[in-house]
Amino acid sequence: MLKVDKIDVYYGNIQALKEVSLEVSEGEIVTLIGANGAGKSTLLKTLSGLLKPKNGEIQYMGGNIAGKPAQTIVKSGISHVPEGRRVFANMTVEENLELGAYLRKDKKEIRNDLDKVYEIFPRLLERRKQLSGTLSGGEQQMLAMGRAIMARPKLLLLDEPSMGLAPLMVKTIFTTIEEINRTGTTILLVEQNANMALSIANQAYVIETGRVVVSGTAKELQASEQIKQAYLGGI
Ligand code: ATP
């Protein structure tokens with residue numbers, strides 16, 4: 001479905017991604033793990049068209065989308081939930097969710113998807129008229145994910161959905177990611193919480209200072225001594 005081939009991405013003179021390659025097959029959850037500043041967010045921003053790679057290709061559903069405008073990429077079925085769960089604070093929960101579907105015209109289907117989001121996140125249904133800026137961190141994360149679901153993506157890019165959340169909420173978010181995947185959405189998940197990410201992923205990549213240094217099945221990475229020491233707290 002997605003094949004990233006040796007992309008180089010720069011911020012001015014600073015190279016943030018170095019010949020990064022990775023693949024995501026349809027139906028999978030693929031995770032990208034790595035420390036602060038490794039380049040995880042940069043990769044997602046490049047995939048969704050917010051940054052342009054200097055070299056390399058991004059093949060998605062048969063075409064090269066590298067450097068295409070973000071609007072075109074969203075239309076082709078890629079939704080990005082950025083780090084820090086940016087919701088529109090002065091709009092209600094429901095208005096935020098409706099915004100997620102702004103490119104769609106199928107009113108009835110949009111209504112169905114709204115119901116689906118409320119089914120996945122009952123908390124959002126309870127708070128549908130509440131201003132989003134007053135939601136808790138975990139609720140805002142749910143809203144950011146719900147809004148992305150409303151775009152009916154084929155590929156969902158999630159940037160550190162567990163960041164700053166209490167352990168119970170982290171569990172809820174990860175269970176939901178699996179649920180979204182079961183309903184047919186392919187997922188590329190960026191995480192610092194390697195334990196949780198590897199527990200739900202099929203394939204995994206480790207990125208260090210802009211380079212992919214390890215890749216394999218999530219099971220292989222969970223079993224690797226090197227990964228355990230560096231990313232799984234040595235357990
Ligand atoms: P984190 O988990 O801390 O968000 P990350 O793996 O997502 O880390 P990136 O945000 O992709 O890392 O950053 C990769 C590198 O690029 C870092 O060294 C960072 O300082 C640099 N960088 C990111 N954004 C910019 C920017 N707008 N201008 C200059 N350098 C940037």
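Limited to region 78-98, what total is found for residues that are more than 16 Å from the ligand (Cβ to nearest atom) and either open to solvent by 60 Å² or more (accessible area, probe 1.4 Å) or within 18 Å of E160 (Cβ to Cβ) (or both)? If you could, list the steps in order and put the result at the bottom.
Filtering region 78-98 for residues more than 16 Å from the ligand (Cβ to nearest atom) gives 78-79, 87-98.
Narrowing the set further to residues that are either open to solvent by 60 Å² or more (accessible area, probe 1.4 Å) or within 18 Å of E160 (Cβ to Cβ) (or both) leaves 78-79, 87-88, 90, 95, 98.
Total meeting the criteria: 7.
Just give me the residues in region 5-21 being within 14 Å of the ligand (Cβ to nearest atom) and either touching a strand residue (DSSP E or B) at 6+ places or on another chain (Cβ under 6 Å) or assigned to a strand (DSSP E or B) (or both), in sequence order.
Our first condition is that a residue be within 14 Å of the ligand (Cβ to nearest atom); within region 5-21, this holds for 7-18, 20.
I7, D8, V9, Y10, Y11, I14, Q15, A16, L17, K18, V20, listed by residue number.
Got at least one residue in region 29-49 being free of Cβ contacts under 8 Å to residues at least 40 places away in the same chain, away from the ligand (no atom under 16 Å from the Cβ) and surrounded by 21 or more Cβ atoms within 10 Å (Cβ to Cβ)?
no
Return the residue satisfying two criteria in turn: it lies in region 122-147 and is surrounded by 14 or more Cβ atoms within 10 Å (Cβ to Cβ) and among the polar types (S, T, N, Q), and of such residues it is nearest to the chain's Cα centre (by Cα).
So, considering only residues that are surrounded by 14 or more Cβ atoms within 10 Å (Cβ to Cβ) and among the polar types (S, T, N, Q), the one nearest to the chain's Cα centre (by Cα) is Q141.
Tell me yes or no: at least one residue of region 170-189 is within 23 Å of Y205 (Cα to Cα), within 16 Å of the ligand (Cβ to nearest atom), of a type outside the set (A, V, I, L, M) and touching a helix residue (DSSP H, G or I) at 6+ places or on another chain (Cβ under 7 Å). Let's see the steps before the verdict.
Taking region 170-189 as the starting set, the residues that turn out to be within 23 Å of Y205 (Cα to Cα) are 170-171, 173-182, 184-189.
With within 16 Å of the ligand (Cβ to nearest atom) added as a condition, the list becomes 170, 188-189.
Filter again for of a type outside the set (A, V, I, L, M), leaving none.
For region 170-189, residues within 23 Å of Y205 (Cα to Cα), within 16 Å of the ligand (Cβ to nearest atom), of a type outside the set (A, V, I, L, M) and touching a helix residue (DSSP H, G or I) at 6+ places or on another chain (Cβ under 7 Å): absent.
The values are calculated or read from the model by the stated rules, or taken from the named source; none is laboratory data. What you see is a predicted model; the values in this text were computed from it and never measured. Every residue, glycine as well, gets a Cβ built from its backbone with ideal geometry; the counts of neighbours run over all protein chains shown. Surface accessibility is based on the protein's heavy atoms, side chains included, excluding ligands, DNA and RNA. Shrake-Rupley method; radii C 1.70, N 1.55, O 1.52, S 1.80 Å.
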